[in-house]
Amino acid sequence: MAKTDNFASLMEASVHDPRSREARRLERGEVVEGKVIQVGSDTVFVDIGTPGDARIDRAELEDASGKLSVEVGQTIRATVVRSNPASPQLTLALGRGGALDVGGLQTALASGAPVSGKVDKVVKAGLEVDFSGVRAFCPASQVELGYAADLSVYEGQALEFKVLEIRDGGRSVVVSRRALLEDQRRERERGLLEQLRVGAQVEGTVHSLQKHGAVIDLGGLEAFVHISEIAHHRVDRVEDELSIGQTVTASVLSMEETPKGVRVRLSIKALAKAPARPAAPALDEILKGTVSRATNFGIFVDTAKGEGLVPVRELDLPPGSDHRRAFPPGREVRVVLTNRDAGSGKLRFSITGVARVEERRNYHDFSSRGGAAGGQGGLGSLGDVLRAKLGLPEPPPEEPPAPAPSPVAASPAPAPSLDPNPPQAAPAPPPIVTAPEPRLADLLGPAKPLPEKKSRLRDAQPRRPDPDGVVRRRKKD
C-alpha cells in the first residue's frame, strides 16, 4: 500500500510540475481556454497547459463596482498577447492593456479574437470606433443582437468588437459588436445546455411576448413557452398572464437540435397545481352560468360544473347580430351541455338547446300525466294540455247532477163509496201529439228536371234558294 501511495503521489506531482510539461507553442492573438487557479491583488493566474501559468490583469476581470467577475476553478476564454511559454500574457480583448495597431487588427481578424475600442461618434448608419488611433466603422445593424433604435447612447463607451474586414492597408476597417455578442451567447448556451435536462426546473425572466407564447431568458439561453403551457385554464392573450421582466419558474419540456442551435421548450403550468375538476354535467342538464369573456368564435360561460364555450351558432341570435354586445361579461344565461372532450375535459355548451331540452321534458310530463288520468296513455284533453303548459290550477270538480224522481207507486184501488152521487173524476187531458220533423227533401220540394242541352247542330232541312241578287253571309260553325 505504501508503494502504491508513493507512486500515486509521484504521478500527481509530475502532472503539476511545470518542468514535466512539454513546451506548447503559442501565437499572438490566439484564443485559448483556461482554468483560474489563483487570484492575486493585481493578477489572475490561469492554467492553459503551458509550463508556466498564464497571467491576466485583474482589472480586466472586474466590473464597474470593482467586484471580481471570476473565481478559482472557473473556465475563461482569453487572447494571447505575449506568447512566451514560461509566462504567457493574456487579455480578454486586444487593445485593452496597450496600443493596438493595424498589425494587431490583422491578428484579430485571422484568429477571431475580440478587440477593444472607444466609440468616438455616431455617423450615418453606424458608429465610428477608435482603436488607439486606427479608425473603424461599425454598421448600425451590427451594434446589437436586435434593432438598436438610438445609437447616441453608445458615444464615449469602451466596447469590444470583432474585426470583419481590413482594406487599403488599414484605412478601411469594418468591425461588428453583434458577431461578438453571438459568440458569447453561444458560449453561455453551451454551458447551460450541459446542465439542462428534460423535466428539470429552471428559473428565468420574460424577455418578449409573442402571439403564440413568450420568450424566457434563462441567463444567456433563450427558451420558449407556448400559450397552451402558461396556465391550466384557457389563455386568449399572453399579455393577460405574463409581462416583460417578470420572473417565472418553469419545467423543461423538450430540447431539439435545429440549424440555428438548440431549441428549448418550457412549461409554466407543469409546476402549478391543477385545479380540481368539477363533476361532469349530464348531456341534458340545464345549468345556470355567467358570461366570463367573449371571443370571435363565441362566448365562455362559467357554471358550477366548469367553464365551457358556447359557439356563435348556439347563441340564438338573428343573423348579423354582434354577440359581444348581446352577451357582455357578467350576464347570466342558461346553457345545456352538448359535448365534453374526453382527453382535456373541455366543455361545449348551447343556449338554443335549452328550449329543445325543455320541450322534451314537457312532452314526457304530459304523456305520463295523461296516461294516469285517462288510463289509455294519451295526452288528455286540449284543456289539460294548455293548463299544464301555462301552469294554471286544476278546475274545481263538477257537482253531480240531481237524481231523477222515482215513479210514483200505484196506489191501491179506492174502496167503493156509499155516496149515491159520487164526485166525477176530471177528464184526462188529450194526448200531446208531436209533429214529425220536416225532412230536407220536403223543404226543397220536388226536383226540377234539368234543362236539355241545346245542340249546336242545325236541323237538317233543305235551304230555300236565295233570291236573285242576294248574297247571304254564312256564319262559321
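Considering Ser172, Ser176, the condition of being in contact with a helix residue (DSSP H, G or I) (Cβ under 7 Å, 6 or more places away or on another chain) and in the same structural domain as Phe137 (by TED's automatic domain parsing) is satisfied by Ser176 alone.
Does Arg293 satisfy being outside the structural domain of Phe224 (by TED's automatic domain parsing), surrounded by fewer than 17 Cβ atoms within 10 Å (Cβ to Cβ) and touching a residue at least 40 places away in the same chain (Cβ under 8 Å)? Spelling it out, Arg293 is indeed outside the structural domain of Phe224 (by TED's automatic domain parsing), surrounded by fewer than 17 Cβ atoms within 10 Å (Cβ to Cβ) and touching a residue at least 40 places away in the same chain (Cβ under 8 Å). The residues of segment 91-125 that are surrounded by 14 or more Cβ atoms within 10 Å (Cβ to Cβ), over 53 Å from the mean Cα position of the chain (by Cα) and of a type in the set (A, V, I, L, M, F, W, C), listed by number, are Leu100, Val102. Of all the numbered requirements in (1) hydrophobic (A, V, I, L, M, F, W, C); (2) part of a helix (DSSP H, G or I); (3) at pLDDT 80 or above, Val36 misses one, and that requirement is (2). Residue count for segment 313-333, restricted to those that are closer than 14 Å to Gly353 by Cβ and not in a loop (DSSP other than H, G, I, E, B): 3. Checking the stated criteria, Gly261 turns out to be of a type in the set (Gly, Ala, Ser), in contact (Cβ under 8 Å) with a residue 60 or more places away in the chain and surrounded by fewer than 17 Cβ atoms within 10 Å (Cβ to Cβ).
The rows are residues; the columns are (1) crowded, with 18+ Cβ neighbours inside 10 Å; (2) without any contact (Cβ under 8 Å) to a residue 60 or more places away in the chain.
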position	(1), (2)
Leu145	no, yes
Ser152	no, yes
Ala158	no, yes
Val163	yes, yes
Ile166	yes, no
Ser176	yes, yes
Leu180	yes, no
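For the residues Glu189, Glu222, the requirement of being surrounded by 14 or more Cβ atoms within 10 Å (Cβ to Cβ), within 30 Å of Leu164 (Cα to Cα) and in the same structural domain as Thr258 (by TED's automatic domain parsing) singles out Glu222. Checking the stated criteria, Ala250 turns out to be within 18 Å of Ala200 (Cα to Cα) and in contact with a Gly (Cβ under 9 Å, 6 or more places away or on another chain).
The values are calculated or read from the model by the stated rules, or taken from the named source; none is laboratory data. Model, not experiment: these values are computed from the prediction. In this analysis, Cβ positions are derived from the backbone assuming ideal geometry, glycine residues included, and neighbour counts consider all displayed protein chains.
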